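The values are calculated or read from the model by the stated rules, or taken from the named source; none is laboratory data. As the structure is a prediction and not an experimental result, all values here were calculated from the model. Using ideal geometry, Cβ is built from the backbone for each residue, glycine included, and neighbour counts are taken over all protein chains shown.
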Amino acid sequence: MTIDEYVSAHSDKEPEYLAKINRATHLRMINPRMLSGHLQGRFLAMFCKMIQPKTILELGTFTGYSALCMAEVLPADGILHTIECDDELEDFIIENLNTAEHGKKVKLHIGNALGIIDTLTEAFDLVFIDADKREYIAYFEAVLPKLRKGGFILADNTLWDGKVLKKAESNDHQTIEIQKFNEFIANDQRVEKVMLPLRDGLTIIQKK
């Protein structure tokens, strides 16, 4: 048994409907590892229970798994806006949302995240960034003004399979931009932050 398997075995199981989405994603998607998955999904749900958000913004829906993990904690009048750039995923996402008890709390947007963020008028309690790694700094700057004071940003994949520890090749733009983002956040005095070695790296950021 690996450490990851041990940790998963000693955490809450994923709800059955999420297990079905997990399996369907692995069967139908080319890159199923983009799914948040069991452990990170339970972390997202637990984190939301801790901070009790009413408004959440997610950048990068993929197949809807992470959105539903957070939505399960939202109150009946809460809302989670999730933005996905790949319109070919739209039908699969809607299918998954429609089969989930908490799917009605999720509003799906298809298109460019930076453009859609500008149209949103809510003040958000939580933002989960898990989209194009090359745009992480731009995403951060776009959502920070829409985040309430004391609100949180969760930035996923900030360890990027360990590639952040090495000098990136000049054409490895995703690694380069994740490294830039990590340095940018580490030195940003507008926020407090802690990076966790959870899965592929998760940075918790709180707006001062």
Residues that are touching a helix residue (DSSP H, G or I) at 6+ places or on another chain (Cβ under 9 Å), in a helix (DSSP H, G or I) and among the hydrophobic types (A, V, I, L, M, F, W, C), drawn from segment 1-32: Val7, Leu18, Ala19, Ile21, Ala24
Where a residue in segment 162-180 is within 14 Å of Glu135 (Cβ to Cβ) and its partner, wherever it lies, is exposed (fewer than 12 other Cβ atoms within 10 Å of the Cβ) and not hydrophobic (A, V, I, L, M, F, W, C), with Cβ under 6 Å and at least six apart: none
Can you tell me how many residues in segment 181-190 are buried (at least 19 other Cβ atoms within 10 Å of the Cβ) and either over 13 Å from Arg134 (Cβ atoms) or among the acidic types (Asp, Glu) (or both)? 2
Filter segment 98-131 down to residues that are touching a residue at least 12 places away in the same chain (Cβ under 8 Å), of a type outside the set (A, V, I, L, M, F, W, C) and closer than 25 Å to Glu72 by Cα, then give me how many there are. 11
If we ask which residues in segment 148-175 are over 16 Å from Arg199 (Cα atoms) and of a type in the set (Asp, Glu), their number turns out to be 2
Of the conditions (1) at pLDDT 95 or above; (2) under 28 Å from His10 (Cβ atoms); (3) not polar (S, T, N, Q), Asp87 clears all except one; give me its number. (2)
Taking the criterion of being under 19 Å from Ile204 (Cβ atoms) and surrounded by 20 or more Cβ atoms within 10 Å (Cβ to Cβ), would at least one residue in segment 161-170 satisfy it? no
Output for segment 149-173, where each listed residue is of a type in the set (S, T, N, Q) and modelled with pLDDT under 95: Ser170, Asn171
Scan segment 124-179 for residues that are in contact with a strand residue (DSSP E or B) (Cβ under 7 Å, 6 or more places away or on another chain) and not in a helix (DSSP H, G or I) and report the count. 19
Cβ pairs under 7 Å, 6+ apart or interchain, first in segment 188-200 and more than 13 Å from Gly162 (Cα to Cα), second of a type in the set (Gly, Ala, Ser) and surrounded by 12 or more Cβ atoms within 10 Å (Cβ to Cβ), ordered by first then second residue, are Met195/Gly201
